[in-house]
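K.L.:
This structure is in structure tokens; I'll ask about it shortly.
The values are calculated or read from the model by the stated rules, or taken from the named source; none is laboratory data. What you see is a predicted model, and the numbers here were worked out from it, not measured in a lab. Methodologically, a virtual Cβ is constructed for each residue, glycine included, from the backbone with ideal geometry; neighbour enumeration extends over all protein chains shown. To get the accessible areas, we keep the full protein, side chains included, count just its heavy atoms, and leave off ligands, DNA and RNA. Shrake-Rupley method; radii C 1.70, N 1.55, O 1.52, S 1.80 Å.
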2 protein chains.
Amino acid sequence: GGQSYHQPWERSVDFPVSVVLPAGGTGERTGLQTPKQFCSFLGRPLISYTIQSFERVSWIQSIVVVVAKENMDLMTDIIQRFQHRKVRVVPGGSTRHRSICNGVLALGGQGEEEERLPADKPKVVIIHDAVRPFVEEDFLYKIAMAAKEQGAAGAIRPLVSTVIATTSEGYLDHSLERARYRASEMPQGFTYDVIYQAYQRCTESDFDFGTECLHLALQYCGTNAKLIEGPPTLWKVTYKRDLAAAESIIKETLSRSACVITGGSAGAVTLADALQKAAGALDMELDVVPDLKGDNGRYLLKEWNFIQVSVNHSSLSEVESMLKDLEAANRALLHPLVVIWVHLSGSDELSVSGRTPEPAAIADVASAAKLRNILLYGIQLHQSKDTERWERSVLRVAEITSALIRERSPALVGQLLQA
Amino acid sequence: GGQSYHQPWERSVDFPVSVVLPAGGTGERTGLQTPKQFCSFLGRPLISYTIQSFERVSWIQSIVVVVAKENMDLMTDIIQRFQHRKVRVVPGGSTRHRSICNGVLALGGQGEEEERLPADKPKVVIIHDAVRPFVEEDFLYKIAMAAKEQGAAGAIRPLVSTVIATTSEGYLDHSLERARYRASEMPQGFTYDVIYQAYQRCTESDFDFGTECLHLALQYCGTNAKLIEGPPTLWKVTYKRDLAAAESIIKETLSRSACVITGGSAGAVTLADALQKAAGALDMELDVVPDLKGDNGRYLLKEWNFIQVSVNHSSLSEVESMLKDLEAANRALLHPLVVIWVHLSGSDELSVSGRTPEPAAIADVASAAKLRNILLYGIQLHQSKDTERWERSVLRVAEITSALIRERSPALVGQLLQA
Ligand SMILES: [Mg+2]
Ligand SMILES: [Mg+2]
């Protein structure tokens, strides 16, 4: 859903742009043992989300991830597991600047033998943090264009707190006039020549204690960086709570819509239409289709949630066939897919064998699907001629569906819930 | 639990301390329509969590919440609904400083008639933001003591980003030396006399455009504020993502432990012990007790999650009696309580009537409990003499229990899940 862009500006980036992603941090501030760029949510490490943000930008030609030597294998494994393309891993240095410098040299074909890239020295290098996963194409475009024109460009944000100077004894000295200052954020962009020269000319002390690439560009190349106000989505995952925030953003992105497959029977279509209305009131958009064939196959490529409606027959064959299609589309690689089987049984017939879903059957199919990152749940409801009761049931299905899709809980797969 | 402290320092605050909580913000930055202090998670608005953080501190005598006139009724309703004590609501002014000043005057018995408090002018006034709900007693203590000694004190935090000065054309001018500067945060504390005089003496321009109370204290009272490094828990809920982060922190606090009630039968105790072990591996601590009578009644006052184990009988009477006890303890007022009914049925007897739980029965009890903010779920498992199968079932119960407790999903109450 909405993760690949076809914007008019794509064609206007007519020079090579590559990315250096320093990911050597130790994550002390998260309160977690794992460095935060390697912490996972929804089954995927943070750094993979960040890589994906760059990978989906067509005009970015390569990404160099710089990690501490002890994390090279972990990083290589992540790249294989999530099938990242365009990415090379380079070992970091002892400080942030040494790591970024290693990445820049690797882009120029000047790294150590093993990490040398094909000779495609970029015109512009974008430097970003591995822990800012939500950077967007339009802002990268602004940074790349300004970097090409000015030599250097960087993201800024308004200060969130008043900045104060303290006396050596820990008392208030004075507060800064907030309007004159900005927080320097990531991404930053440089022409290759500027960032390369800056690192060639800077001192060991700069390498060890410097914090700002923009500052090195100014000091050693006389390049005044263009500062561009960035959106709040540039925020940095710093604390454990930020991982929860990042997870909630991804979950919300994945939960906005679902595709309902009816099989075409009149009863299923009626239910699907009622569900669509009820889900709309819960801010979830449902698209109703008879199947995923032909043109409807596009849902396999863009949707994260599928609802199979079955009326009066308890066979899981339709669900199993959908699971096969989803696997073939290789969708669950990046995010867990949700499949919900909604089973409507007639109110009159009491538990006619073969018409009531068998809990063990759905549990087995769900266990197998879970291994492929597809979360399968069942919801059962009963037909009713009492309009009020029927509407209440449909609303319950919509509420349960919405909760299952939003929470994406692996522990609850295979359950047959009652609406 | 863990929300009331009995620390040695309690006795050492021997002067009156009150709090002013400006809550007039419009929440433009959250991307939400409701001002963020009134946004809810887990059924309660953010500001109520913040009020609770102060209310549970024994040495804080009163809290004045300053809100925009149009939100007075909403705020009064929140105070009644969550049974806040110690709290008065005062209408805000047109700027943050005018609002804080109104709060200070109300504390001194100098507000308008209606918002006048009993004559208990505090020695120290703590000013805090309504959107920083996680402030802790030990830090409030530090601020109160330093304010009393120095006249003014404020929380500081290290800068998260490099601060840069920009040229008028939007280029980098210079970056600040990070070590010399700090972010000024909340809470801040003042002796009543200092903050009162500062507002008496300051100009209209200060009222309209000033940002820092600390600065007014310095300028108009010659009081150099003591700056105290605060913990990361002082963070401010600013964006929509921060609400998700706050919710995740509360959910984690509520999910660390649960109380298992066995009824004392050997089969239930065996299951409870096995569950305890499995839950331990999932980082959840279970306390196993036969009932909630006598000394075990303490769990009613400190635990947020209860698991009733039933063996071979499907009556909900034990659960219903527990729900009654929980209601009497008035616990669900602040956070939703979770009650999980774990039903173990023998493997030999096939669906003996009266021994298999009736889904409709648990759904009805759950619907009623939900109205009282108690979330009831059921989990069914079958006895097995196959050790491996039995252990797998117990692990499933633990996983489902852990997920239900962590997610606290209202949409899934009343479901009878299969382990
Ligand atoms: Mg830098
Ligand atoms: Mg202030």
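K.L.:
Compute the relative contact order of chain B as a whole-number percentage, counting only Cα pairs closer than 8 Å that sit 6 or more residues apart in sequence.
P.N.:
13
K.L.:
A further question follows. In nm, give the distance between the simple-model label positions of A:Lys123 and B:Val160, each being 7 Å from the Cα along the Cα-to-Cβ direction.
P.N.:
Distance between the two pseudo-spin positions: 3.5 nm.
K.L.:
Which whole number gives the average count of other chain Cβ atoms within 10 Å of the Cβ atoms across peptide B:399-407?
P.N.:
If you average over the peptide's residues, the count of other-chain Cβ atoms is 3.
K.L.:
Another one. Kindly report, to the nearest 10 Å², the accessible surface of B:Asp325 as traced by a 1.4 Å probe over protein heavy atoms only.
P.N.:
60
K.L.:
Moving to a separate point now. From other protein chains only, count the Cβ atoms within 10 Å of every residue's Cβ in A:148-156, then give the mean.
P.N.:
2
K.L.:
Here's something else I'd like to know. What percent antiparallel are the DSSP beta bridges of chain A, to the nearest 5?
P.N.:
Working: 14 of 60 bridges.
Within chain A, antiparallel bridges account for around 25 percent of the total.
K.L.:
A follow-up question, please. Calculated FRET efficiency, A:Phe209 and B:Thr253, Cβ-Cβ r, R0 56 Å, to nearest 0.05? Present the calculation step by step, with values, prior to reporting the outcome.
P.N.:
Numbers: r = 39 Å, r/R0 = 0.70.
Calculated transfer efficiency: 0.90.
K.L.:
Would you compute, for the Cα atoms of region A:268-419, the largest minus smallest coordinate along each principal axis and list the three values in descending order, in whole Å?
P.N.:
Principal axes ranked by extent give 43, 33, 31 Å for the Cα atoms.
K.L.:
Any idea what diffusion coefficient the protein assembly as shown gets from Stokes-Einstein, in µm²/s, Kirkwood Rh on alpha carbon pairs, 20 °C, 1.002 mPa s?
P.N.:
Result for D is 72 µm²/s.
K.L.:
May I ask which residue of chain A has the beta-carbon nearest to the axis carrying chain A onto chain B, and at what distance in whole Å?
P.N.:
Taking Cβ atoms only, the nearest residue and its distance are A:Ala245, 2.
K.L.:
Any lysines with Cα under 25 Å of the B:Lys385 Cα? List them, leaving off those in the same chain fewer than 8 positions away.
P.N.:
The qualifying lysines are B:Lys277.
K.L.:
What value, in deg cm²/dmol to 500, does the helix sum -39500 (n - 2.57) over DSSP H runs of n ≥ 4 give at 222 nm once divided by the residues of chain B?
P.N.:
Values: 13 runs with 153 residues, N = 419.
Per the formula, -11500 deg cm²/dmol.
K.L.:
Here is a follow-up. Please state the equivalent ellipsoid semi-axes for region A:354-413: what are the square roots of 5 times the Cα gyration tensor eigenvalues, largest first, in whole Å?
P.N.:
25, 16, 6
K.L.:
Farthest toward the dipole's positive end in region B:272-317, which of B:Ser315, B:Ala274, B:Gly297, given Cβ charges of +1 (Lys, Arg) and -1 (Asp, Glu) about the Cα centre?
P.N.:
B:Ser315
K.L.:
Then there is this: Measuring label to label, 7 Å along Cα→Cβ, what does A:Arg85 give against each other copy in nm, shortest first?
P.N.:
6.6
K.L.:
If you put a point 7 Å past Cα along the Cβ direction, how far is that point for A:Ser205 from the same point in each other copy, in nm, smallest first?
P.N.:
Distances to the matching label points in the other copies: 4.0 nm.
K.L.:
At 20 °C and 1.002 mPa s, what whole-number value in µm²/s does Stokes-Einstein give for the translational diffusion of region A:133-249, with Rh from the Kirkwood sum over Cα pairs?
P.N.:
So the translational diffusion coefficient is about 132 µm²/s.
K.L.:
With just the Cα atoms defining each centre, how far is region A:262-297 from region A:165-224? Give it in Å.
P.N.:
55
K.L.:
If you don't mind, another one. Could you order the peptides A:267-275, B:335-343 from most to least packed, using the average number of other C-beta atoms within 10 Å per residue?
P.N.:
Packing proxy ranking, top to bottom: B:335-343, A:267-275.
K.L.:
Provide the descending list of Cα extents for chain A along its principal axes, expressed in whole angstroms.
P.N.:
On the principal axes, chain A reaches 83, 53, 42 Å in Cα extent.
K.L.:
For B:Ala360, which inter-copy label distances result when the label point lies 7 Å beyond Cα on the Cα-to-Cβ vector, reported in nm to one decimal and in ascending order?
P.N.:
Copy-to-copy label distances at B:Ala360, shortest first: 2.6 nm.
K.L.:
Right, next: When the Kirkwood radius is taken over all Cα pairs of region B:213-296, what Stokes-Einstein diffusion coefficient follows at 25 °C and 0.890 mPa s, in µm²/s?
P.N.:
The calculation lands on 140 µm²/s.
K.L.:
Please tell me which of these pairs span more than 23 angstrom C-alpha to C-alpha: A:Lys121/A:Lys148; A:Lys251/B:Lys370; A:Lys142/A:Lys251; A:Lys36/A:Lys123; A:Lys36/B:Lys240; A:Lys36/B:Lys142?
P.N.:
In this structure, A:Lys251/B:Lys370; A:Lys142/A:Lys251; A:Lys36/A:Lys123; A:Lys36/B:Lys142 exceed 23 Å between Cα atoms.
K.L.:
Nearest 5 percent is fine: what portion of the DSSP beta bridges confined to the protein assembly as shown is antiparallel?
P.N.:
Details: 38 of 130 bridges.
Of those bridges, close to 30 percent are antiparallel.
K.L.:
Just tell me how shielded A:236-242 is by partners: mean number of partner chain Cβ atoms within 10 Å of each residue's Cβ, no decimals.
P.N.:
That average works out to 5.
K.L.:
Run the quick spin-label model on B:Ser94 and A:Glu229: label points 7 Å from Cα toward the beta carbon, then report their separation in nm to one decimal.
P.N.:
With each label point 7 Å from Cα toward Cβ, the separation is 2.4 nm.
K.L.:
If a paramagnetic tag sat 7 Å from the Cα of A:His313 along the Cα-Cβ line, which residues of region A:286-307 would have the backbone N under 19 Å from that point?
P.N.:
Backbone N within reach: A:289-293, A:307.
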